[in-house]
Amino acid sequence: MLFSKLAEYFEQLDHTTSRNTLVAILADLYSQCDQSEVRPITYLLQGRLAPFFKPIEIGMGINYVADAIGKAFGVDRKHVMQVFDRVGDIGTAARQVQQEAGKELSMEETPTVLEIFNQLMAISQVSGQGSIEKKIGMFADILQKLDPRSVTYICRIPVGTLRLGVGDPTILDALSFAKSGDKSLRKPLERAYNETSDLGLIAETLWKDGIEGVEKLSIMPGNPVRPALAERLPTPEAIINRMGQCAVEKKYDGFRCQVHKIGNEVKIFSRNLEDMTGMFPEITSGTLAMVDAETAIFEGEALAYHPLSGEFLPFQVTTKRRRKHKIEEAAQELPLKLFAFDILYKNGENLMGMKYVDRREILANTIKGEDSLIVSDWVIADNVEKLMEVFNEAIESGLEGIVAKRLDSPYQAGARNFNWVKLKRTHAGQLQDTVDCVIVGYIYGRGKRAQLGAGALLVAVYNPDKDTFQTITKIGTGLTDEEWKEVVERCKPYVTEEKPARVESIIQPSVWVEPAVVIEVLADEITRSPVHTAGMNGEKQGYALRFPRLVSFRESDKRPEDATTVQEIIEMYQQQAIKQVAS
Ligand code: AMP
């Protein structure tokens, strides 16, 4: 496939506002791909050269891309940046500069996708002295070989603005459609994705070995497993009624870490599957010193710990460790402890199908001693009093609640179900849970708010079946002036002219925002609503949050697809009704 053809698909994806059309365009694209192309094209669709968990980057910011555009078309960076300032997008600016120079090529003249992909990969591998000049030169060479549309899209890749709005489930659906004409392969594709997190690998395997090949893909050290997630129930009674005898663990509010030990190498992945190894040297050294296995994959929650007082610190403090500079100093000042709570793999054996209690035993035998790694405690409870003992202990030590776990449950990658159930406390001191929402737009404010940029946020929850974001509330109060400014600042890179294809909304905000910024929201109540699309189904009304307020920004550890799901909202609504009847 010529790169110009791919760029044509990019343009179609860019301009659609319907999720079904996204799937159809992608399925059409995939049906044109051969075996050698599906993998690179899958990564390029995500604006990348490799899966999210591989830190392979082109390594050129906007200024260097502008240098390359200048070099390719015979102008200086200043001119490119002037055009950029005017048009607001580096791709459009590049296209304009190419046109001014009269160097537009036709679509037929461009290299293939594979050639361009390999050249981008070569740029990502350039390092050492003079590497910037080299990268600029190589990127300029690419630009000189491309038609205007390809120039537009390729320039957005290094700067991270190629936002085609295709989520992972959309790609899985499209792969299924391309190979079988319907969604029937979605389930086995999704299982493979949950265990390997590599859509490119799955696409390539599907092309090479068919769905039978995909069915053989499973957990592999070095590839993060999509984390198992917890459901919620409103009261301790509801937990015991539903689960009977269960394990109760404290719920630590830090970073979920999945640690992979592969011989002498350690990799640490975040909940949203990013490689965070470099940020947490104490967990890496702890793993090498304390884990008694050649290869192992285990999970835990990493928390900031005050070395003098021995206190555990809240998420707002832990989050300071998510940084790229002065890591060693930060690790000294604010060391983390990893509370390990599960193990998925050991010395070549996949443990995910084993029962919780058996995995726990293996975990205890694998982590030796207590230092930067600690095997977290668990207690068996079959009554409310016992469960509340752990809950109260957790709250007293500054933690946020408990997670109850089914004793015979396997580890279900990427699944949120009643194998794990969380019970949290909030600031008000009552049992009430927060909702993770994604900002999809904002509405201009009036009066004083006008200066702050926004007067209300339009926020959504996630519908994984449709891979869409459905609105659930407008947040208009409870933010300080500073927070309003911060929200607008955080949304800025994601502002778009048209409604993003994966957003379902009846309300038309002043400004649309691509789903990216995740916020934690506390609300008084869930009600039915004719104006919000969350859970709306034909004639049936949607659901809305009443009196919502912002608790924290969560995009450092949650992707938009990690937001609360519509299904969870419906369950919370039903539980709320039960609670109201009970009280
Ligand atoms: P939430 O993010 O509110 O859905 O809660 C689930 C999260 O709690 C998990 O993704 C973990 O990051 C975190 N967590 C803290 N302690 C535990 C634990 N003992 N077991 C499982 N998850 C835990």
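The values are calculated or read from the model by the stated rules, or taken from the named source; none is laboratory data. No experiment lies behind these values; they were computed from the predicted model shown. We place every Cβ from the backbone using ideal geometry, glycine too, and count neighbours over all the protein chains shown. To get the accessible areas, we keep the full protein, side chains included, count just its heavy atoms, and leave off ligands, DNA and RNA. Shrake-Rupley method; radii C 1.70, N 1.55, O 1.52, S 1.80 Å.
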Over all viewing directions the Cα convex hull of segment 454-540 casts an average projected area in nm² of 6.1
With every protein chain kept in place and a 1.4 Å probe, the chain has an accessible area per residue in Å² of 42
Would you please calculate the Kirkwood hydrodynamic radius of segment 93-230 over all C-alpha pairs and express it in Å, rounded to one decimal?
17.8
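Listed highest first by mean packing, meaning other Cβ atoms within 10 Å per residue, what order do 102-112, 324-334, 49-59 come in? Mind dumping the intermediate values first?
Details: 102-112: 14.0, 324-334: 12.1, 49-59: 17.3.
Ranking, from highest mean packing down: 49-59, 102-112, 324-334.
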Unit charges at the beta carbon, dipole of the chain: most positive-side option, Cys491, Val421, Tyr64:
Cys491
Taking amide H atoms as placed 1.01 Å from N in the peptide plane, list the residues 5 or more away in sequence, or in a different chain, whose amide H sits under 5 Å from that of Glu294.
Asn347
Per-selection metrics, segment 1-218 (Cα): Rg and Dmax in Å:
17.8, 54
So, with a 1.4 angstrom probe, what is the percent of accessible area on segment 257-301 that is carbon and sulfur?
47
Give me the percent relative contact order of segment 229-431, please, defined on Cα pairs under 8 angstrom at least 6 residues apart.
33
Treat segment 435-582 as a sphere of radius equal to its Kirkwood radius over Cα pairs and apply Stokes-Einstein at 10 °C in a medium of 1.306 mPa s; give the translational diffusion coefficient in µm²/s, rounded to a whole number.
104
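Run the numbers on the chain and let me know its relative contact order in percent, using alpha-carbon pairs under 8 Å that are six or more apart. Don't skip to the answer; put the middle values down first.
On the way: 1175 pairs, mean separation 73.5, N = 583.
It rounds to 13 percent for the chain.
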Heavy-atom accessible area of Arg95 with all protein chains present, probe 1.4 Å, nearest 10 Å²?
90
First compute the accessible area of segment 435-582 with a 1.4 Å probe, then give the percent of it belonging to carbon and sulfur atoms.
50
Roughly speaking, what % of Cα-Cα pairs in the chain are separated by over 39 Å, rounded to a whole number?
32
Once you put a point 7 Å from the Cα of Glu311 and another 7 Å from the Cα of Leu114, both along the Cβ direction, what distance in nm separates them?
6.0
Surrounding charge for Val65, neighbours by C-beta under 12 angstrom, Lys/Arg +1, Asp/Glu -1, total +2
Cβ-Cβ FRET estimate between Glu57 and Ser556, R0 fixed at 22 Å, reported to 0.05
0.75
MRE, 222 nm, helices only [DSSP H, n ≥ 4, -39500 (n - 2.57), over the chain, to nearest 500]:
-12500 deg cm²/dmol
About its Cα centre, how strong a charge dipole does segment 435-582 have in debye, to the nearest 20, once Lys and Arg get +1 and Asp and Glu get -1 at the Cβ?
500
Whole number please: convex hull volume per residue, Cα atoms of segment 229-431, in Å³.
116
Mean-position separation - Cα centroids, segment 298-330 and segment 95-132, in angstrom
41
